[in-house]
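Enquirer: Just dropping this structure here.
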Amino acid sequence: MKADDEIRSLLRRYDGHDRAIMRRLTELLLSDLRRIASNLLKGRKRGSFLQTTVLINDAILNVFGKNHLLPTEKIKLLAYFRTAMKNVVFTYWRREKRGQSAVFQVSDKDLQEIIASNGKHEDKLDLEEALEHLAHEHPFEYEVFMLHKFLEMTLQDIAVKHGTSIWAVRKAWEFARSFLWQRLYGGEEA
Amino acid sequence: MKKHSARIRELFYSAMERDPGQWSDFLEAQCHGDRKLMDEVMALLTSHGQSQEFLEGSFYEGMNIEFVEESMSVPRSSHLKRGQRIGAYTLLTKIGEGGMADVYLAEQKNPKREVALKLVRIGVDSAEQQQRFRYESRVLGRLRHPGIAQIYESGSAETDRGDQPFFAMEYVSGPSLTKYAKREGLEMCDRLMLLAKVADAVHYAHQKGVIHRDLKPDNIVVDEIGQPKILDFGIARAVEGHDVDGGPHTATGEFFGTLAYMSPEQCTGNSAAIDVRTDVYALGVVGYELLGERMPYDWQSTPIAKQIRGILEEDPPLLGSVNGALSGEVETIIAKAMSKESARRYQSAAALADELRRYLAGDPIEAKANSKYYVLRKTIRKYRVPVAVVTVFLVLLSLSTIFITSLWFQASEQRSNAREATSLTHSILNQVIQEFEDAVRPLAGGKQVSERILTQVDLDLEKLRPLVESDAALEDVLMRLHEKQGDIAYAQGRHAEAAEHYQACLQVNQRLVEANRSSGDRSNDYRLDMARAHRKLGLVGGDAGQHFEKAVRLCELVIAQSDDSLEAKYELCRARVDFAQHFFDRGQYRSAAPLFDSVIELAQPVIESDGDDYRWTKLFTMAHLYQGRNLFELGEEESALASLNKSVELGQSLSRRQPTDTELRQVLLQTNLKLGVVHYDSDHVDRAQGVLEEAIVIGQYLTKADPSVTAWKGDLREAHHELARLFLAKKRLAQAKPHCEQAVALADDLVQVESGNPEWRRNLASSKMLHGCILVSEEEWQSAFETLEEAKAVYQALLLTDKENAELRAKLASAFDWLGKCAMRLEDSEAALDYYTQAYEMRQALHKGQPDVPKRIFDLVLSQTKLATWHRSQETIEHDKKAAGLLNKAKTLLLEARRLDKLAGHERRFKRTLSHIDTVLGRIAEDAQAQKKAGGGS
């Protein structure tokens, strides 16, 4: 099976939970994922930053070339990338919490495992749990939050990609932020 | 649970639009005692206030992650600096970036302009990406349309980082389509016109084999003169049969396309079904948004899968439900463009543009063509008056035919009744010719109907002739018939045929005058008929001046004998207008001027006493147009503008009274055309472009209404030609070229229809010459030379039969000038001298013939300076002396002309030209001084 056909097939079956699919997708999309991650991490330091969307566009072109990718498949691809980056970030924070070395060296294999570990941790972080609630109760707001924070897509970009208004996306972002704050700190206030 | 979550969101969003002080009351009212719900929402609202800084900043800030065995690196940004040169371009600032390329605002020196320079990012070296970049430049490179951002150049330049592929594009700054419409507060008609322009550009791209696939307002920018321009053909693909060297069908820039504008076939991923109609769908959505100021579907917080289902299955609300003013035809057009099945949409972007223009012109739209009742209703509404007239005459004709038939039977028994029947028939035929035909002819397509009616009348007359010999009434009918047939042949450009009819008309008229000589009661009527026949013979060429003069004298005679007959005055005005036009066409503007003045003087009191007289007001409108054009040639720009504005004012008011009067629309077209030129020459480019575009719209309406009318096609050509000229002067070659090509195509078409018509050949030469000038600006010297040679040949051929035509000779001189320039660039110095000399000699002769005309003076000065430039290029003392001699002559000519007040109204040009001459003379003097010193030193 050609790589693009296999990715397409995996994306169709992708539900955000199947570890085998996550692992295989990571294997096939490794180089693109590294580019996105490197950009998010290094771009800040350099002071020049490529919009993640641009890199995702490029990933699509690299993988699928001339072949048309269905919007639903593209959504799944985007969901894969944002989930992958969420797992990288939370893994880093977990390590930090455990007081492990500040420099986190990640091999290809590590990366595969980190991404496949999606939400299957004993020591879930508060934000991780709060996000699970958000995903369950307010899926659009969760989507906006994930794209904005883990892929650093602009609200404008998210609006365009979701075919909705910037106004709707901004409201969703504000709702998600309020929801998470309420979950994380609301009780203390109360 | 989901319902509860949705309710929380709904209340949160609604409360957010209110002041915090109102939240409590609002929630009390909305939650109907549901305390838990109220508390949850209130907690979120309170959190909102406290979470403003929560999660600010990047998650990745300070993270230290290293990827081991990193095999691919992110392409490095170019880090090119302001002021750095890439080929012929100097970078100014970065204005955008894509996956593999950056876009910079850059400056080009020659021609001086700002461009958008797209550069492949250093480090992007995959063959596929390079191929995509080349593909994009190829796709854009073959699109040259005012509505599409133009690519100027593509290639690669050597930099310190290696070979740098790039392409330079037209830099367009401005708001997006929808923002522009909102900002300018555009009316619905203006928005529809904008959409039609976008559709024109999309159609052009389709014709060149490119489908955009991502049309949306953000990809359409409106420039400072209101011209929408489509950007970003990044994900364009080739139309079937136009594949671009196997280029990729997807390119950087695409991610989701843009879902809201995606057609059903795009959503299903059926790439085989994507064709030009995919863009038609997107145009429909753009139109919906542009007109309704909202998207067709309300998709806030809607999952994408549901959105896709919506595109595939649900019809958006009709525009009329968004804004009542859009109900009816507008909503039908947009709904048709957005049909789910591509077969039910407009089959091309041009069909959509045409439909929009049909709506704007008040014609029936085709989207409802299946309803005959609708078309009838629409037609009656538009042609309310003419339809009534036609209906009355049809009924009259039918009744009369029955009556004649019954009389005819009796006539076989009673000869006197036969004569009575014949007389009645004459009367009816006369009515048909005079009034029925008059009502039908101005309608769209009415000329063909008229021609059929008149042919039938002609046949009937032939049958009647043996029944009554030497019947004056019959001769009268015959004369009018010939005149009408001549009119139709003339309108359709069949001038020779028209001349035959007018000659026949004149012969019958002479017989009638002879027959009437003894009684004399109708002499003046026949004289006026004769005057009209002479005038019309003058229009079709051959001894035109004599015919016009006879027409004028006959009318004056009738006025003298008939105590100021209004009919005679009207015919006199028509004759004087056409006579003046005859002078105008030959560049004899001073001879034309008093004739136009006299017409306005004669018409003025009639209009003042009866402002509702349509025929006189129309004549007055025409006279103002022609006078304005003439005054402009005489350099009286202010008066010219006043005349033309008067013409537009009158024409528009008449047009409201008789919207179907195509003759009047032509006058408006011509007035707009001339106003365009006047505004342009007064540096009011925006106004000029506006009126010229208006002229094109009228011209397109007319030529579509009746493609056989060559005069309308000729005017449309001129509008395209003038707009191309305007863009050329502004160095907007990309916009100039398509209009010029349209002008050449129309001129070619006209020459093919009427190869013997000198006007069309003159126009062809003129448009070709303009094309040559555009090629000169593009520095395509060889192509320019060949095109200008073609223009020159046409002018020379025309002069063989019209030697005295000053305008033609002036044009030919101009062609020689341009050819001289090309020859210089092609390094054929001798040929250049030959061309410049010919231009100079012709202009000398022209100036001699018309020494007071400013244009002739400036043209001669131009030739002198061109020749001087040629001499300077030879770089010898002798040639410099000749150059100085020519320039001094030119200077003397200018100063003398000014002293004698021949250059009134041309002060700016005078100063500019004189300053140029002085500058060159100064340089020659400096060079001579330097030579002298060098000679002394040695």
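The values are calculated or read from the model by the stated rules, or taken from the named source; none is laboratory data. Just so you know, these numbers come straight off a predicted model, no measurement behind them. Note that each Cβ is placed from the backbone with ideal geometry, even for glycine, and that neighbours are counted across all protein chains shown. Note: areas computed on protein heavy atoms with side chains; ligands, DNA, RNA excluded. Shrake-Rupley method; radii C 1.70, N 1.55, O 1.52, S 1.80 Å.
Enquirer: In debye, nearest 20, what is the charge dipole magnitude of region B:830-938 about its Cα centre with +1 on Lys and Arg Cβ and -1 on Asp and Glu Cβ, if you could check? Let's see the in-between values first.
Expert: Details: 20 positive and 14 negative charges, 88 e Å.
Computed charge dipole of region B:830-938: roughly 420 debye.
Enquirer: Let me ask something else. Rounded to two decimal places and with Rh computed the Kirkwood way over Cα pairs, what is Rg over Rh for region B:660-720?
Expert: Working: Rg = 11.3 Å, Rh = 11.2 Å.
My calculation puts Rg/Rh at 1.00.
Enquirer: As a test question: what accessible area, to the nearest 10 Å², does A:His133 have when a 1.4 Å probe is rolled over all protein chains in place?
Expert: Roll a 1.4 Å probe over it and A:His133 shows about 80 Å².
Enquirer: For Cα pairs less than 8 Å apart in space and 6+ apart in sequence, what is the mean separation divided by the residue count of region A:124-190, i.e. the relative contact order in percent? Display every interim value, and only then the final one.
Expert: Values: 47 pairs, mean separation 23.6, N = 67.
Taking the mean separation of contacting Cα pairs over the length of region A:124-190, I get 35 percent.
Enquirer: State log₁₀ I(q)/I(0) for region B:769-860 at q = 0.22 Å⁻¹ as given by the Debye formula over alpha-carbon point scatterers of equal weight, solvent excluded.
Expert: Values returned for q = 0.22 Å⁻¹ are -1.05.
Enquirer: Would you please give the residues with an amide H less than 5 Å from that of B:Lys229, counting only those at least 5 places away or on a separate chain, with H modeled from the backbone geometry?
Expert: For B:Lys229, whose amide H was placed from the backbone, the distant partners under 5 Å are B:Val221, B:Val222, B:Asp223.
Enquirer: Would you kindly calculate the translational diffusion coefficient of region B:858-918, applying Stokes-Einstein with the Kirkwood radius from alpha carbon pairs, for 37 °C and a viscosity of 0.692 mPa s, and quote it in µm² s⁻¹ without decimals? Working shown, then result.
Expert: Details: Rh = 11.8 Å.
The estimated diffusion coefficient comes to 278 µm²/s.
Enquirer: Let me ask something additional. Can you give the accessible area of A:Trp181, probe radius 1.4 Å, in Å² rounded to 10?
Expert: Solvent-accessible area, nearest 10 Å²: 30 Å².
Enquirer: Per residue, how much accessible area does region B:2-47 have with a 1.4 Å probe, in Å²?
Expert: Details: 2700 Å² over 46 residues.
Per-residue accessible area for region B:2-47 comes out at 59 Å².
Enquirer: Please give the Cα centre distance for region B:573-644 versus region B:739-777, rounded to the nearest Å.
Expert: 28
Enquirer: Using heavy-atom solvent-accessible surface (probe 1.4 Å) with all chains present, what is the largest-first order of A:Asp126, B:Asp275, B:Asp817? Numbers along the way, then the final one.
Expert: Details: A:Asp126 110, B:Asp275 40, B:Asp817 5 Å².
Accessible-area ranking of A:Asp126, B:Asp275, B:Asp817, largest first: A:Asp126, B:Asp275, B:Asp817.
Enquirer: How long are the semi-axes of the equivalent ellipsoid of region B:714-937, taking √(5λ) for every eigenvalue λ of the Cα gyration tensor, in whole Å from largest down? Can you show the working numbers first?
Expert: Details: eigenvalues 226, 83, 55 Å².
Ellipsoid semi-axes (Å, largest first): 34, 20, 17.
Enquirer: Put simply, what bits of region B:5-48 lose 20 Å² or more of accessible area when the other protein chains are there, versus the chain on its own (1.4 Å probe)?
Expert: When all protein chains are present, B:Ser5, B:Arg9, B:Phe12, B:Tyr13, B:Glu17, B:Ala43, B:Leu44, B:Ser47, B:His48 each give up 20 Å² or more of accessible surface.
Enquirer: Choose one of B:His4, B:Val41, B:Leu27: the residue whose Cα lies farthest towards the positive end of the charge dipole of region B:2-47 (beta-carbon charges +1 Lys, Arg; -1 Asp, Glu; about the Cα centre).
Expert: The residue sitting most towards the positive pole is B:His4.
Enquirer: Which value, in square angstrom to the nearest 100, describes the accessible area buried between chains A and B on both sides, using a 1.4 angstrom probe?
Expert: Working: alone 10860 and 45750 Å², together 49700 Å².
That pair of chains buries around 6900 Å² in total.
Enquirer: Let me ask something additional. Stokes-Einstein diffusion coefficient for region A:124-190 at 37 °C in a medium of 0.692 mPa s, Rh from the Kirkwood formula over Cα pairs: what value in µm²/s?
Expert: Estimated diffusion coefficient is 271 µm²/s.
Enquirer: Separate question: Nearest 20 debye, what's the magnitude of the dipole of region B:596-655 about its Cα centre given +1 on Lys and Arg Cβ and -1 on Asp and Glu Cβ? Provide the component values of the computation, followed by the final result.
Expert: Working: 4 positive and 11 negative charges, 52 e Å.
Charge dipole of region B:596-655: 260 debye, to the nearest 20.
Enquirer: Cross-link candidates for B:Lys208: which aspartates and glutamates have Cα within less than 20 Å, leaving aside residues fewer than 8 places away along the same chain?
Expert: Cα-Cα hits under 20 Å: B:Glu136, B:Glu153, B:Glu170, B:Asp200, B:Asp232, B:Glu240, B:Asp243, B:Asp245, B:Asp275, B:Asp279, B:Asp354, B:Glu741.
Enquirer: Please get the size of the charge dipole for region B:714-937, origin at its Cα centre, with Cβ charges of +1 on Lys and Arg and -1 on Asp and Glu, quoted in debye to the nearest 20. Numbers along the way, then the final one.
Expert: Working: 35 positive and 34 negative charges, 239 e Å.
That gives region B:714-937 a dipole magnitude of about 1140 debye.
Enquirer: Taking Cα pairs under 8 Å and at least six residues apart, what relative contact order does region B:714-937 come out at, in percent?
Expert: Relative contact order for region B:714-937 comes out at 11 percent.
Enquirer: Can I ask one more? Keeping the other protein chains in place, figure out the carbon and sulfur percent of the accessible area of region B:717-863, with a 1.4 Å probe. Each step should come with its number before you reach the end.
Expert: On the way: 2800 of 5950 Å².
Summing carbon and sulfur atoms, their accessible area is 47 percent of the total for region B:717-863.
Enquirer: With the cut-off at 31 Å, tell me which of the pairs B:Lys484/B:Lys569; A:Lys86/B:Lys229; B:Lys197/B:Lys340; B:Lys112/B:Lys889 have Cα atoms farther apart than that.
Expert: On the way: B:Lys484/B:Lys569 21 Å; A:Lys86/B:Lys229 40 Å; B:Lys197/B:Lys340 24 Å; B:Lys112/B:Lys889 33 Å.
Pairs exceeding the cut-off: A:Lys86/B:Lys229; B:Lys112/B:Lys889.
Enquirer: Give me the compactness ratio for region B:2-47, meaning the Cα radius of gyration over 2.2 N^0.38 Å. Before the final figure, lay out each step's value.
Expert: Values: Rg = 9.4 Å, N = 46, 2.2 N^0.38 = 9.4 Å.
Ratio of Rg to 2.2 N^0.38 Å for region B:2-47: 1.00.
Enquirer: Right, another one. Counting only other chains, what is the mean number of Cβ atoms within 10 angstrom of the Cβ of each residue in peptide A:170-181? Could you put the intermediate results ahead of the total?
Expert: Details: counts 0, 7, 4, 1, 7, 9, 2, 8, 13, 8, 4, 11.
What the average comes to for A:170-181 is 6.
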